[in-house]
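Report on one structure; see the data block that follows.
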Amino acid sequence: DLGPISWLLGMKVTQNREAHCHTPKVFIPHFDSHHTISLSQQSYIKAILMKYNLADCKPATVPMDPRIKL
């Protein structure tokens, strides 16, 4: 057993394990609406920004305002 997953194919994996059923001296995990798994590509995005010298660029909201004329 390698333990809980934290990285998969370059994506960070975060699990919410707070959704468990507790009975006296027995711990039985179950999945419900409170158990979540999140994937993040933040480290990949940062690496791409560094590679192309864009790490210091200012962020922009997306989508753009449709009234802006280019």
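Each reported figure results from applying straightforward, stated rules to the coordinates on display, with no laboratory input. Worth saying up front: this structure is predicted, and the values here are computed from it rather than measured. Using ideal geometry, Cβ is built from the backbone for each residue, glycine included, and neighbour counts are taken over all protein chains shown.
Assorted remarks:
- Around G10: net Lys/Arg minus Asp/Glu count, Cβ-Cβ under 15 Å: +3
- Extension reserve of the T14-A47 stretch, reckoned as 0.36 nm per residue once the Cα distance is removed: 9.9 nm
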